[in-house]
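Colleague: Mind having a look at this structure? Questions to follow.
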Amino acid sequence: MDHGDKAVAWMMYSKHLTAWFAAAALLSSAAVSKQTPHNTTAVSEEPFRSFRMLDAKLTLLTKQQDALKVAFSLTESDSGAAAEQIARRKKVSRSMNATAAEIERLAGGLERLYERRHQSFGVQMFKVMRVKAEEVESGVNSMAKAQTRSAINRATKRLDERILSLVAQFQAASGGYGATRCEAGAWTCCEPKRSKDSAQAEQTACMWVCVPRPRSCTGFTGPRIREQP
C-alpha cells in the first residue's frame, strides 16, 4: 500500500469512528434488555458493566481529543494572550489524561478479575487495553510538551493513532456482546476469533456466545443467566 492509499484509508477510518461511537452508545444502552430474555437476570454483570463504562469514557476521550486539537491550533492572536493559550492547553490535557487513566483503571480491574478466574485470554485482552490506555496518556503528555508546529503535528498524529488503537481493542473485546441471548442457567462467553480490523495478525477478538458451564468456554466468561425469583 503506497502513501496515498494509506492516507485515504486513514481518513475513511477516522470518518467512521464518530458514527461508530453513536451506534455503540445505542447498543450499550439496549444491551441489558437484549442480552437475556425478560424472565432472566445476570448474577454478575462483568465484563458487561465495565464495557458500558468504557464505552462512555471512550466517547468522552474522543470529544476531548477534538478540544485538544482546537487548543493547539490557536495562535496568540486567536486566544488573546500566550499565557491564556498555555493555560487552556494544560486544562484540556489534564482532562484527557484523567479520562485515559479511568480507562486504564477499568481495563486493569478486568485484567485482575480474569487473573483470579485463571482465564488467560481475558487477562491478555484487558492487559493490552490497559497498556494502550497508558500509551494514550503518554501521547497526551508528549503533545502538551511540543513547542514547534512540526512537533505538535507529529505528536497529534501519534496520539490519533494511539486512540484509534485503543478504540479497536475495545471493539475487539466488546463487539456483539449486547446481542448475546442466553437461556436461564447458561453462561455468556467470549470465544477467541481473529479480528478483521487488526493491523497485527496475532491480535484476536471476542465472539460472544452462550455455554452451559464455565469449563466449556475457551476464552473468558461473562455473566451467568438465571431466572428471576
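The values are calculated or read from the model by the stated rules, or taken from the named source; none is laboratory data. Because the structure is predicted, anything quoted here is derived from the model rather than measured. Note: ideal-geometry Cβ built from the backbone for every residue, glycine included; neighbour counts use all protein chains shown.
Colleague: Checking the conditions here, which among T99, T156, T148 is without any contact (Cβ under 8 Å) to a residue 40 or more places away in the chain and of a type in the set (V, I, T)?
Modeller: T148
Colleague: Give the residues of segment 138-191 that are farther than 23 Å from F121 by Cα, buried (at least 21 other Cβ atoms within 10 Å of the Cβ) and either small (G, A, S) or under 14 Å from the mean Cα position of the chain (by Cα) (or both), sorted by residue number.
Modeller: Correct list: G139 only.
Colleague: If you don't mind, another one. Scan segment 29-47 residue by residue and report those that are modelled with pLDDT under 95 and crowded, with 18+ Cβ neighbours inside 10 Å.
Modeller: A31, Q35, T36, T40, A42 - these are the residues of segment 29-47 that are modelled with pLDDT under 95 and crowded, with 18+ Cβ neighbours inside 10 Å.
Colleague: Scan segment 53-68 for residues that are without any contact (Cβ under 8 Å) to a residue 60 or more places away in the chain and either assigned to a loop (DSSP other than H, G, I, E, B) or closer than 15 Å to V140 by Cα (or both) and jot them down.
Modeller: Those that are without any contact (Cβ under 8 Å) to a residue 60 or more places away in the chain and either assigned to a loop (DSSP other than H, G, I, E, B) or closer than 15 Å to V140 by Cα (or both): L60, K63, Q64, D66, A67.
Colleague: Find the helices (runs of 4 or more DSSP H) located wholly in segment 69-165 whose residues include 3 or more that are closer than 29 Å to T204 by Cβ, and list them.
Modeller: In segment 69-165, the matching helices (runs of 4 or more DSSP H) lie at 82-116, 120-145.
Colleague: Mind checking whether some residue in segment 118-128 is modelled with pLDDT of 95 or more, closer than 16 Å to L58 by Cβ and not aromatic (F, W, Y)?
Modeller: Yes, segment 118-128 contains at least one residue that is modelled with pLDDT of 95 or more, closer than 16 Å to L58 by Cβ and not aromatic (F, W, Y).
Colleague: Where residues in segment 64-86 are small (G, A, S) and modelled with pLDDT under 75, which of them is surrounded by the fewest Cβ atoms within 10 Å (Cβ to Cβ)?
Modeller: This residue is S77.
Colleague: Contact list please: Cβ distance under 6 Å, first residue in segment 113-133 and crowded, with 17+ Cβ neighbours inside 10 Å, second residue among the hydroxyl-bearing types (S, T, Y) and in a helix (DSSP H, G or I), pairs at least six apart or on different chains.
Modeller: Qualifying pairs under 6 Å: G122/Y114; V123/Y114; K132/S165.
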